[in-house]
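Novice: Sending over a structure as structure tokens; questions will come in a sec.
The values are calculated or read from the model by the stated rules, or taken from the named source; none is laboratory data. This is a predicted model, so every value here is computed, not measured. We place every Cβ from the backbone using ideal geometry, glycine too, and count neighbours over all the protein chains shown. For the accessible areas, the whole protein counts, side chains as well, though only heavy atoms, and no ligand, DNA or RNA atoms are used. Shrake-Rupley method; radii C 1.70, N 1.55, O 1.52, S 1.80 Å.
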Amino acid sequence: MSGPRCPQCAQPWVSPRLLPCLHSLCEPCLRRLGPPEGPPGAARPVLCPVCDAEVSLPAGGVGQLPPDCLAGSRAGAAAECDLCADGAAAGRCLTCGVRLCRFCCRAHRRQKKTASHAVTELENTKDCSQAGKPLLCPSHPTEELRLFCEQCDQPVCRDCVLGKHRQHPCDFTGNVIHRHGDALRELLKSSQQHMDTLEDVLSQVDEMGSAIRSRAEAVAAEICQFARGYVKAIEEHRDRLLKQLEDLKVQKENLLHLQKAQLQQLLLDMRTGVEFTEHLLMSGSDVEILVTKGVVSSRLTKLNSIAYSTHPSVDDRIQFSPHERAGQCCGYEVFGAILNKVVDPARCTLHGEDLHSARQNQLSGFTLLCKDTTGERMGRGGEAVQVTITHKDKRDCALKPIVCDNGDGTYCISYSPEEPGLYAVCVCVKGQHVQGSPFTLMVKHKFREHQGVFHCCTFCSSGGQKAARCACGGTMPGGYQGCGHGHKGHPGCHHWSCCGQVKESSECLCAPPSDTSQRSLLRTVAL
């Protein structure tokens, strides 16, 4: 027997119902699908036998799923005659609502009881679908679904409008189909764009797989050429390297295969949704579109919201270093290794005299030594190093350190602070703090060279004038003080100067007037 069939039981359709994944099954097949019925009023999850997607059957049972009115036409089979079931439908009786083959059309016009019926030809796919028969209300089997309840978002009949939908805004399906159809078209357009992107990403994944295999073959050739220089030891070392390379290649290919499988499944789901929606909008009647609009919109929205990477999950960076020391093999020191060391931020260390202290406006710095997971020095550069230096009291004051990659696993970090105070320093490799990070940096005031006579000498030589001024431009702090050299004041001289130098002496450093050398002492004072 030919014609559309259920994908589960392979039998002709019997009340096909539409699942949330947009696949259809016979109602009897759906009732046998999945675990037994759960508690009354509770939805139960089942696996779609077509795409293995987990879907939930409504709490009211299989009967609450929307009917798939286009199941037969979507399978590519022509609609059959409702009277003889031997030929393809070529016309429809507008009075009876039945589909007729060409022979039955002629017989329908000749029979006395039906001679007055209006028979029209089926001109397009919409007329050939189930749309040829009016869709009847499940609650009122004698009434046709001609209205649409906006509040409940479902087609209704006249009796429904007079009953439980009395207070709901309703309109004829022909008046609302344009608005709801346009919404489905927008979702369809978005899904089609995702399909193009997915196909492009899958193409990139295939290309990357070829690049990885090509690169692996090239590295294997290099390893074989290098290994021929040694006899037994090098051959064993070669086999070990090839095994390591194979493991690395398999690891990368497995990641690509996983990404490819996920993308292919998403593309398949997208294609199913797009084909179903395209067919619905092209072949479905107004009522049919409105009947399935909710589940179609939900499915497309869910598919469009799935996040996926637009680039291959791995790269083809596989390198062989023939000069890398590989330790001992059969008592011989061998060279050559696959560069697959991974830096371990927790084992990286910081070094330098200026690690915790610096001077204002002076260039300072420290060194970062990168190590792998075994604690060994990386021996090569190229790591992502990030350094931030922020003032603890002034959040808007942050330094811009310079990171220099030495190419041997060490990195020089230099900076020049403009503001004194405490700074918080964070050093990260691949987004993780290294050993000892974060730490505190103390920036001290800069040095200022003071050249001139002490204030006290200036004060005493001026005869004790309060307005006496030091060579640095400061004035004498405090009150009237002097020395015992004929000036007013207490005996002895307290050398509190504006420059921060403090001395106590029984003798005044200004000395007798004959000693001019001590009147012009030069000092260097750290402020």
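Novice: Kindly establish whether G327 is open to solvent by 30 Å² or more (accessible area, probe 1.4 Å) and small (G, A, S).
Specialist: Numbers: open to solvent by 30 Å² or more (accessible area, probe 1.4 Å): yes; small (G, A, S): yes.
So G327 passes the test.
Novice: Tell me, which residue of the stretch 89-117 that is of a type in the set (A, V, I, L, M, F, W, C), at pLDDT 80 or above and open to solvent by 50 Å² or more (accessible area, probe 1.4 Å) is nearest to L281 (Cα to Cα)?
Specialist: Per the criteria, the residue is F103.
Let's see how each residue does on (1) part of a helix (DSSP H, G or I); (2) open to solvent by less than 70 Å² (accessible area, probe 1.4 Å); (3) of a type in the set (V, I, T):
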{"site": "D171", "(1), (2), (3)": "no, yes, no"}
{"site": "E186", "(1), (2), (3)": "yes, no, no"}
{"site": "E199", "(1), (2), (3)": "yes, no, no"}
{"site": "S210", "(1), (2), (3)": "yes, yes, no"}
{"site": "E222", "(1), (2), (3)": "yes, no, no"}
{"site": "A261", "(1), (2), (3)": "yes, yes, no"}
{"site": "Q265", "(1), (2), (3)": "yes, no, no"}
{"site": "R271", "(1), (2), (3)": "yes, no, no"}
{"site": "E275", "(1), (2), (3)": "yes, no, no"}
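Novice: Could you check the stretch 347-356 and list, in sequence order, the residues that are touching a Leu at 6+ places or on another chain (Cβ under 9 Å), open to solvent by 50 Å² or more (accessible area, probe 1.4 Å) and in contact (Cβ under 8 Å) with a residue 24 or more places away in the chain?
Specialist: H356 - this is the single residue of the stretch 347-356 that is touching a Leu at 6+ places or on another chain (Cβ under 9 Å), open to solvent by 50 Å² or more (accessible area, probe 1.4 Å) and in contact (Cβ under 8 Å) with a residue 24 or more places away in the chain.
Novice: Within the stretch 25-34, track down each residue that is open to solvent by 10 Å² or more (accessible area, probe 1.4 Å) and in contact with a strand residue (DSSP E or B) (Cβ under 8 Å, 6 or more places away or on another chain). It would help to see each step written out before you state the result.
Specialist: So the first thing to find is which residues in the stretch 25-34 are open to solvent by 10 Å² or more (accessible area, probe 1.4 Å), and the list is 27-28, 31-34.
Answer for the stretch 25-34, where residues must be open to solvent by 10 Å² or more (accessible area, probe 1.4 Å) and in contact with a strand residue (DSSP E or B) (Cβ under 8 Å, 6 or more places away or on another chain): E27, L33, G34.
Novice: Okay, next question. Among what's in the stretch 232-248 and is open to solvent by less than 50 Å² (accessible area, probe 1.4 Å) and over 39 Å from the mean Cα position of the chain (by Cα), pick the residue that is farthest from E324 (Cα to Cα).
Specialist: Here is the first cut: in the stretch 232-248, the residues open to solvent by less than 50 Å² (accessible area, probe 1.4 Å) are 233-234, 237, 241, 245, 248.
Retained after the next criterion (residues that are over 39 Å from the mean Cα position of the chain (by Cα)): 233-234, 237.
Values: A233: 16, I234: 14, H237: 13 Å.
If we take residues in the stretch 232-248 being open to solvent by less than 50 Å² (accessible area, probe 1.4 Å) and over 39 Å from the mean Cα position of the chain (by Cα), then A233 is farthest from E324 (Cα to Cα).
Novice: Something else: Out of all the residues in the stretch 357-374, is one or more farther than 30 Å from K444 by Cα, surrounded by 15 or more Cβ atoms within 10 Å (Cβ to Cβ) and in contact with a helix residue (DSSP H, G or I) (Cβ under 9 Å, 6 or more places away or on another chain)? Outline the logic, then answer.
Specialist: The first filter runs over the stretch 357-374 and keeps only residues farther than 30 Å from K444 by Cα, leaving 371-374.
With the extra rule that they be surrounded by 15 or more Cβ atoms within 10 Å (Cβ to Cβ), the set shrinks to 371-372.
If we keep only those that are in contact with a helix residue (DSSP H, G or I) (Cβ under 9 Å, 6 or more places away or on another chain) too, we end up with 371-372.
The answer is yes, given that some residue of the stretch 357-374 is farther than 30 Å from K444 by Cα, surrounded by 15 or more Cβ atoms within 10 Å (Cβ to Cβ) and in contact with a helix residue (DSSP H, G or I) (Cβ under 9 Å, 6 or more places away or on another chain).
Novice: Mind listing whichever residues of the stretch 151-170 are among the charged types (D, E, K, R) and either in contact with a Lys or Arg (Cβ under 9 Å, 6 or more places away or on another chain) or at pLDDT 90 or above (or both)? Full working, then the answer.
Specialist: Just the residues of the stretch 151-170 that are among the charged types (D, E, K, R), to begin with: 153, 158-159, 164, 166.
Residues satisfying the conditions are D153, R158.
Novice: Another question, then. Is there a residue in the stretch 312-319 that is open to solvent by less than 70 Å² (accessible area, probe 1.4 Å), in a strand (DSSP E or B) and within 30 Å of V231 (Cβ to Cβ)?
Specialist: no
Novice: Inside the stretch 282-303, can you point out the residues that are open to solvent by 20 Å² or more (accessible area, probe 1.4 Å), touching a Gly at 6+ places or on another chain (Cβ under 7 Å) and under 17 Å from L135 (Cβ atoms)?
Specialist: Result: D286, single match.
Novice: Let me ask something additional. Give all pairs with beta carbons closer than 8 Å in which a residue from the stretch 299-321 that is farther than 30 Å from H237 by Cβ and touching a residue at least 40 places away in the same chain (Cβ under 8 Å) meets a residue that is open to solvent by less than 60 Å² (accessible area, probe 1.4 Å) and acidic (D, E); count only pairs at least 6 apart in sequence or on separate chains.
Specialist: L303/D269
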